[in-house]
Amino acid sequence: MPPESPIELAEPVDREPARGILPRVQHFSASSLNAYVDCPRKWFYNYVCRAVEDPGSSAALYGTAFHAALEDFHEEFVHPVPAQESEMRERIRQQIAWAFERFRADFGSAVEFTLQLRRAQRTAQRYVGWLVARAARAPFTVIGRELSASLQIEGYDFIGYIDRLDKNDATGAVSIIDYKTGSIATSAAEYREKVRQFRDFQLPFYYWAREAEGDRVATLALIPLKDALLDVEPIELEVIPVTRDDGKSKGKRGNEAPYGTIPIEELERARERMGAICKEIMSATVEHFPVTKNPDACTFCAYVLACNDRPAPIENRFGR
Ligand code: SF4
């Protein structure tokens, strides 16, 4: 006879009925909603469970340091003029070096630090080149840096920070500037399409936040600061009152153009969608946050090891 087991196995308990989750979210941000539309499961992990402390990557640190350098740089150069070009080139070199030095300990290795610093120094010189050309074309004044933006949409609080706010010296029109150190849309038409499809809420949120403060926002611009080998060419959308179907909305280079337009009604729809997403999240009826269908979204996800339901990478699907 086998010896009696010292452990008595209990019958499994009944599974708890599924019920919705009420996230303890104090406020929203455009980037958190971007994460939600990118992958609701990632949003759940990140904003509800707070399951993993993401240490960040050297690419993210590059962005943080670059933003800090530009904030300092424009404290000094509030009204950039072409005559200051050589002075600006030297100062931005110093600001980049100083900003990266502040974050040196967070980089994984000395090699990563050096490579990212060199990339930033080259890109910053291209940035000054663009700044000089822009100031010569239409003189402007920097009226805000890392400006706090807050707005209530459908009763939900949103907060964020605008990288830079410029005012055209001749017309008084305001431009919202967002520095981008990662991949972005390659044309104004592509970015506008992302807004139309509710896949990006960043610039619509900034637009409504500044309009609520009384600004007359004329343009929304993304400044690409990722590639040291390319000239800085912003993706810029002029805000227009109504949709144009006359081809002007696509700019001179058609769908490839970095300049285009966006009608207020599309920004309005984006704002309404932001409110609808918040309502859905806070309704406590979501029982299951689905995973993305786009495997690209998983590439840099901090939860990739814990996420069994993630879509297979494209290359693996052929092997099945
Ligand atoms: S691994 Fe992919 S599917 Fe899973 S949470 Fe991250 S982004 Fe979403």
> Tell me, what is the per residue accessible area of the chain in Å², probe radius 1.4 Å?
Replying inline: 57
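Ignoring ligands, DNA and RNA, what percent of the 1.4 Å accessible area of the stretch 1-96 is carbon and sulfur?
Answer for the stretch 1-96: carbon and sulfur cover 52 percent of the accessible area.
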> For the pair GLU16 and GLU75, what calculated FRET efficiency results from E = 1/(1 + (r/R0)^6), where r is the Cβ-Cβ distance and R0 = 41 Å, to the nearest 0.05?
Replying inline: 0.15
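Of all accessible surface on the stretch 162-315 at a 1.4 Å probe, what whole percent is carbon and sulfur?
Of all accessible area on the stretch 162-315, carbon and sulfur atoms account for 49 percent.
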> What is the helix-to-structure angle for 58-76, meaning the angle in degrees between its Cα long axis and the longest Cα principal axis of the chain, kept from 0 to 90 and rounded to the nearest 10?
Replying inline: 30
> When the Karplus curve 6.51 cos²θ - 1.76 cosθ + 1.60 is applied with θ = phi - 60°, which whole-Hz ³J(HN,Hα) does each residue of the stretch 86-92 get, with x for Gly and Pro?
Replying inline: 5, 5, 5, 4, 6, 5, 6
>> Place a point 7 Å from Cα of ARG102 in the direction of its Cβ. Which residues in the stretch 164-183 have their backbone N less than 17 Å from it?
In response: 164, 179
> Listed highest first by mean packing, meaning other Cβ atoms within 10 Å per residue, what order do 258-271, 145-158 come in?
Replying inline: 258-271, 145-158
> What is the mean projected area of the alpha carbon convex hull for the chain, to one decimal in square nanometres?
Replying inline: 24.6
>> So, R0 is 25 Å and r is the distance between the beta-carbons of ALA60 and ASP231; what FRET efficiency does that work out to, to 0.05?
In response: 0.55
> Which whole-Hz ³J(HN,Hα) couplings does the stretch 96-101 yield from phi under the Karplus relation 6.51 cos²θ - 1.76 cosθ + 1.60, θ = phi - 60°, glycine and proline marked x?
Replying inline: 5, 4, 5, 4, 5, 4
>> So if each residue of separation counts as 0.36 nm, and I subtract the Cα-Cα distance between ALA276 and LEU115, what length gain in nm does that give?
In response: 53.7 nm
>> Can you list residues from other chains, or at least 5 along the same chain, whose modelled amide H is less than 5 Å from the amide H of ILE21?
In response: THR285, VAL286
>> Need one value: the accessible area of ASP309 in square angstrom, 1.4 angstrom probe, rounded to the nearest 10.
In response: 90
> Taking every DSSP beta bridge that has both residues in the chain, what percent is antiparallel when rounded to the nearest 5?
Replying inline: 60
> Extension gain SER5-GLU154, at 0.36 nm per residue separation less the Cα-Cα distance, in nm?
Replying inline: 47.6 nm
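The values are calculated or read from the model by the stated rules, or taken from the named source; none is laboratory data. Quick caveat: nothing in here was measured; it's all calculated off a predicted structure. Cβ coordinates were reconstructed from backbone atoms using ideal geometry, including for glycine residues, and neighbour counts include every protein chain displayed. We work out accessible area using only protein heavy atoms, side chains counted, and drop any ligands, DNA or RNA first. Shrake-Rupley method; radii C 1.70, N 1.55, O 1.52, S 1.80 Å.
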